[in-house]
Each structure stands twice: as structure tokens, then as C-alpha cells.
């Protein structure tokens, strides 16, 4: 249930979907989602703090700067009705440990 408030933000959902299949840099995520880069970084850090996104890889760009590749740690969301209320169950990735990307 701790994820429900953060997942209520449309920008957060767009970032999770954009990094679901492939790890991407913050700039790539900003371009794909239409979120300004500064806000994108803030949301990425928020997702990382919640355990919903992790750094999958680090590489050095041609100009010598380190670039982080971010990937969603949310492989599944199950929605169902119970007593006429919409409920959700989030399946977080068993592949990434809690210390990775944090």
C-alpha cells in the first residue's frame, strides 16, 4: 500500500512505463515522457527512494561524464474488485536486491 500515493501521479506512471522494458538515462526518460529534465530527476530520486526504480548500469559518455541507466523495479500491478472497491497489488522485482540502485 505504500506505493499507492506515489503511483497516483501521472508523471510517475509515465516514468515507470518508459523504463519498464529498457533501462534509460534521465534525459532519455525526459524526452520519452515529456517531463522537464529537472522534474524528471526529482521524480527518479523519489521513485528510487520508494524502491520502484533502480540504477541498472553506469557508463561513461564520449565526453567523459558518467551516465546512469534507470529501470523500473515494478514488473507487475494486479487490479481487482473486492466488495465493490478497486484494489491493487504491486509485484516488485525479485531480481534486484534492496541495496542495488539505492
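The values are calculated or read from the model by the stated rules, or taken from the named source; none is laboratory data. Here the structure is a predicted model, which is why all the values come from computation and not from measurement. All Cβ positions, even for glycine, are placed from backbone atoms using ideal geometry, and neighbour counts span all protein chains on display.
Filtering the stretch 1-11 down to residues that are out of contact with any helix residue (DSSP H, G or I) (no Cβ under 8 Å at 6 or more places or on another chain) and assigned to a helix (DSSP H, G or I), which residue is modelled with the highest pLDDT?
Here the residue is 10.
If residue 51 satisfies all but one of (1) on the phi < 0 side of the Ramachandran plot; (2) within 13 Å of the chain's Cα centre (by Cα), what's the number of the condition it fails?
For residue 51, the failing item is (1).
(1) in a strand (DSSP E or B); (2) modelled with pLDDT of 90 or more: which one isn't true of residue 77, the others all being true?
Status for residue 77: all satisfied but (2).
Among (1) in contact (Cβ under 8 Å) with a residue 12 or more places away in the chain; (2) not in a helix (DSSP H, G or I), where does residue 14 come up short?
With respect to (1) in contact (Cβ under 8 Å) with a residue 12 or more places away in the chain; (2) not in a helix (DSSP H, G or I), residue 14 is out only on (2).
Take the stretch 48-69 and flag every residue that is in contact with a helix residue (DSSP H, G or I) (Cβ under 6 Å, 6 or more places away or on another chain) and either modelled with pLDDT of 95 or more or in a loop (DSSP other than H, G, I, E, B) (or both).
Scanning the stretch 48-69 gives a single hit, 50.
So, in the stretch 19-35, exactly how many residues are free of Cβ contacts under 8 Å to residues at least 24 places away in the same chain and touching a helix residue (DSSP H, G or I) at 6+ places or on another chain (Cβ under 7 Å)?
The total comes to 4.
For every residue, the table says whether it meets (1) farther than 17 Å from residue 14 by Cβ; (2) in contact with a strand residue (DSSP E or B) (Cβ under 6 Å, 6 or more places away or on another chain); (3) surrounded by fewer than 16 Cβ atoms within 10 Å (Cβ to Cβ).
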site: 31; (1), (2), (3): no, no, yes
site: 42; (1), (2), (3): no, no, yes
site: 47; (1), (2), (3): no, yes, no
site: 50; (1), (2), (3): no, no, no
site: 59; (1), (2), (3): yes, yes, yes
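What is the number of the single condition among (1) buried (at least 16 other Cβ atoms within 10 Å of the Cβ); (2) under 12 Å from residue 15 (Cα atoms); (3) under 13 Å from the mean Cα position of the chain (by Cα) that residue 69 does not meet?
Evaluating residue 69 over (1) buried (at least 16 other Cβ atoms within 10 Å of the Cβ); (2) under 12 Å from residue 15 (Cα atoms); (3) under 13 Å from the mean Cα position of the chain (by Cα) leaves (2) as the failure.
How many residues does the stretch 15-47 hold that are at pLDDT 95 or above and under 8 Å from the mean Cα position of the chain (by Cα)?
1
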